[in-house]
1. Take the conditions surrounded by fewer than 16 Cβ atoms within 10 Å (Cβ to Cβ), at pLDDT 90 or above and of a type outside the set (Gly, Ala, Ser) and apply them to Glu26. Does it pass?
2. Among the residues of the stretch 76-125, count how many are under 21 Å from the mean Cα position of the chain (by Cα), part of a loop (DSSP other than H, G, I, E, B) and surrounded by 12 or more Cβ atoms within 10 Å (Cβ to Cβ).
3. Output the number of residues of the stretch 115-170 satisfying the condition of being of a type in the set (Asp, Glu) and farther than 21 Å from Val193 by Cα.
4. For the stretch 168-192, give me the residue count where each residue is of a type in the set (A, V, I, L, M, F, W, C) and either under 15 Å from Glu130 (Cα atoms) or in a helix (DSSP H, G or I) (or both).
5. For a quick check of your reading of the model, give me the residue pairs whose first member lies in the stretch 193-219 and is outside any loop (DSSP other than H, G, I, E, B), whose second is of a type in the set (Ser, Thr, Tyr), with beta-carbon atoms closer than 9 Å and at least 6 apart or on different chains.
6. Report yes if Ser53 is in contact (Cβ under 8 Å) with a residue 60 or more places away in the chain, surrounded by 13 or more Cβ atoms within 10 Å (Cβ to Cβ) and assigned to a helix (DSSP H, G or I), otherwise no.
Amino acid sequence: MELAWDQIYADVEDLLAPQLQLDSWERTLYYHLLRHTRLKGVPSGLFAVGPLSKALSQSDFKVREVLRSLHAKGCLKIEDRSRNGHLISVLLPGEVAGLSRPQPAPSAVDIATLDFFSGRQYVSSLLVRENHACFYCLRALTIETCELDHLVPQVEKLDNSYKNVVASCHNCNKAKGSIAAPHFLRNRYRAGVLSEEELRNRLSTLDAVQSGTIVPKVG
């Protein structure tokens, strides 16, 4: 019961009280009713206003006001009223409608450990980084027409990280083969595929990708 009480107390203070904006009077009366019902293993109890007033050092008027307020906020239900008192069902924080528990923060993804080549899982992320264009010739790409290429050829280094995998068109992927990325970009320029300005931009972007300055967004 002690462990259960610890959890209930935490839920009251962290969820119930702040989300329903319970004031000190409401919290005090809620705890009192809770101890004499749910923590004793019963869902409800018959409570007379007079004894509640004495136990909590509150006036009868105040006790009635707070009972109505807790009922309206859904912390308890006044099932019946009689000369003998109020029949009150007390709800645990987890039973109160509308309360939301804070969602745990998603675990951080270590992007350096992700494989950007196998299975094409991160094609869309690479396309966004490359502005939906072939890294080498700037031809427009879609997920269907995109192929993945290694800046440093696989024969030299097995590296499927975001620093070495780029989106390319079929023609550039086939033509590049085992050529290093800087040499292949210059070949594209000499073939008239890239302008001089585009070549400078591509070489600068190449440095940024390989240094990890430009990081694709995943997740």
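1. Numbers: surrounded by fewer than 16 Cβ atoms within 10 Å (Cβ to Cβ): no; at pLDDT 90 or above: yes; of a type outside the set (Gly, Ala, Ser): yes.
For Glu26, the condition - surrounded by fewer than 16 Cβ atoms within 10 Å (Cβ to Cβ), at pLDDT 90 or above and of a type outside the set (Gly, Ala, Ser) - is not met.
2. The initial filter retains those residues of the stretch 76-125 that are under 21 Å from the mean Cα position of the chain (by Cα), namely 98-114, 121-122, 124-125.
Filter once more, keeping what is part of a loop (DSSP other than H, G, I, E, B): 98-110, 114, 121-122.
With surrounded by 12 or more Cβ atoms within 10 Å (Cβ to Cβ) added as a condition, the list becomes 99, 114, 121-122.
Adding up the residues that qualify gives 4.
3. Summing the residues that are of a type in the set (Asp, Glu) and farther than 21 Å from Val193 by Cα in the stretch 115-170 gives 4.
4. If we filter the stretch 168-192 for residues that are of a type in the set (A, V, I, L, M, F, W, C), which is where we start, we get 169, 172, 175, 179-181, 184-185, 191.
Imposing the further condition that a residue be either under 15 Å from Glu130 (Cα atoms) or in a helix (DSSP H, G or I) (or both) reduces the set to 169, 172, 175, 181, 184-185.
Qualifying residue count for the region: 6.
5. These pairs meet every condition: Glu196/Tyr189; Glu198/Tyr189; Leu199/Tyr189; Arg202/Tyr136; Arg202/Tyr189; Asp207/Thr213; Val209/Tyr162.
6. On the way: in contact (Cβ under 8 Å) with a residue 60 or more places away in the chain: no; surrounded by 13 or more Cβ atoms within 10 Å (Cβ to Cβ): yes; assigned to a helix (DSSP H, G or I): yes.
For Ser53, the condition - in contact (Cβ under 8 Å) with a residue 60 or more places away in the chain, surrounded by 13 or more Cβ atoms within 10 Å (Cβ to Cβ) and assigned to a helix (DSSP H, G or I) - is not met.
Matching residues to (1) surrounded by fewer than 19 Cβ atoms within 10 Å (Cβ to Cβ); (2) at pLDDT 95 or above; (3) within 24 Å of Asp110 (Cα to Cα):
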{"site": "Leu141", "(1), (2), (3)": "no, yes, no"}
{"site": "His150", "(1), (2), (3)": "no, yes, yes"}
{"site": "Glu156", "(1), (2), (3)": "yes, no, no"}
{"site": "Ile179", "(1), (2), (3)": "yes, no, no"}
{"site": "Leu194", "(1), (2), (3)": "no, yes, no"}
{"site": "Glu198", "(1), (2), (3)": "yes, yes, no"}
{"site": "Thr205", "(1), (2), (3)": "yes, yes, yes"}
{"site": "Gly212", "(1), (2), (3)": "yes, no, yes"}
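The values are calculated or read from the model by the stated rules, or taken from the named source; none is laboratory data. This is a predicted model, so every value here is computed, not measured. So basically every Cβ, Gly included, is an ideal-geometry build from the backbone, and we count neighbours across all protein chains shown.
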